[in-house]
Amino acid sequence: MAIHSSSNQDDSNKRAMPSYFNLPPLDVSNAFPQATPASVFPPCASDYFQFDDLLTPEEQAVRKKVRECMEKEIAPVMTEYWEKAKFPFQCIPKLAALRLAGGTIKVFFVLLSSFYSQGYGCPGLSILGSAVGTAEVARVDASCSTFILVHSSLAMLTIALCGSEAQKQKYLPSLAQFQTIGCWGLTEPDYGSDASALKTTATKVEGGWILDGQKRWIGNSTFADILVIFARNTSTNQINGYLIFILTFIV
């Protein structure tokens, strides 16, 4: 029986490897010229499921506006940011102009037996209109849609549903314009998104609260201005939400 040493076996394996292992990274555009580049999105040529018939003229206008912006303004630059693993801060003004943040937030009140809506600077979109707009963002870049969903559907909507009137007036208008950025802190290292098992605590002290704990995988958290943090109230043992406004001091 012939016994080969591990070093000899490794040498044999190396000699058997194809030569392309030592080549530079593959240029996909040259290797697969038929593939559509990430920065190019062909126009929708049909409406096979007659989706247009389900949308109001206002919802169709939202979809058209978002689609044009994402295809012309966002798609050409996103590949570069993906390669660098960086966030495209330069795109925030363009995303803000789409008026998707806080899309469905409204407060209704009765005046002279009629309903009026006041949305704290939010666009007052229908649920379908907001969903269609976000889907058009995701069609071009999922990271941008995640950024908007965390900011709008998590942070802003939590403030709108659970915050006091003073908090809504204070925070929602700037969030709706993307003048401030929001994040939503629920997930923790040990229990994930199991809200009933959170370890982060909130203790009432003179002048405010002390939050003590860890969060993980919190979208937008590295650059957010307003943080919605979930923690266990040490006085009641209940899970509450806490708003944190980050002040940046420039020396």
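Placing a pseudo-label 7 Å from each Cα along the Cα-to-Cβ vector at Ala138 and Lys86 gives an inter-label distance of 2.8 nm. Each residue in Asp141, Asp53, Asp225 was given a count of other beta-carbon atoms within 10 angstrom of its own, and listing them fewest first yields Asp53, Asp225, Asp141. Shown for Ser126, Ser235: other C-beta atoms within 10 Å of each C-beta, ranked fewest to most, produce the order Ser235, Ser126. Net charge dipole, the stretch 181-251: roughly 40 debye, given to the nearest 20, about the Cα centre with Cβ charges of +1 for Lys and Arg and -1 for Asp and Glu.
Could you list Ile246, Ile239 in order of exposure, starting from the residue whose Cβ has the fewest other Cβ atoms within 10 Å? List each step's numbers first, then the result.
On the way: Ile246 12, Ile239 16.
Fewest-to-most Cβ neighbours within 10 Å comes out as Ile246, Ile239.
So what is the relative contact order for the stretch 181-251, in percent, with contacts set as C-alpha pairs under 8 Å and at least six apart? Don't skip to the end; give the middle numbers.
Numbers: 131 pairs, mean separation 24.5, N = 71.
Answer for the stretch 181-251 is 34 percent.
Between Gln238 and Gln179, the FRET efficiency from the beta-carbon distance, with R0 = 41 Å, is close to 0.80. Taking one quarter of the surface of the convex hull spanned by the alpha-carbon atoms of the stretch 181-251 gives a direction-averaged projected area of 5.4 nm². Only one residue of Val137, Gly124, Val77 has its Cα farthest out toward the positive end of the dipole of the stretch 59-161, where Lys and Arg carry +1 and Asp and Glu -1 on Cβ, and that residue is Gly124. As a length-normalised measure over Cα pairs under 8 Å and 6 or more apart, the relative contact order of the stretch 59-161 settles at 33 percent.
To the nearest 0.05, what FRET efficiency results for Phe223 and Ala97 with a Förster distance of 30 Å applied to their C-beta separation? Walk me through the intermediate numbers first.
Numbers: r = 19 Å, r/R0 = 0.65.
About 0.95, to the nearest 0.05.
Taken about its Cα centre, the stretch 59-161 carries a charge dipole of about 140 debye when Lys and Arg each add +1 at the Cβ and Asp and Glu each add -1 at the Cβ. If you plug the beta carbon distance of Lys204 and Glu165 into 1/(1 + (r/R0)^6) with R0 = 35 Å, you get a FRET efficiency near 0.95. Ignoring aspartates and glutamates fewer than eight residues from Lys170 along the same chain, the ones with Cα atoms less than 14 angstrom from its Cα are Asp225.
Throughout, read-outs are computed from the coordinates displayed, never taken from laboratory work. Since the structure is predicted, the reported quantities are computational estimates derived from the model, not experimental observations. Cβ coordinates were reconstructed from backbone atoms using ideal geometry, including for glycine residues, and neighbour counts include every protein chain displayed.
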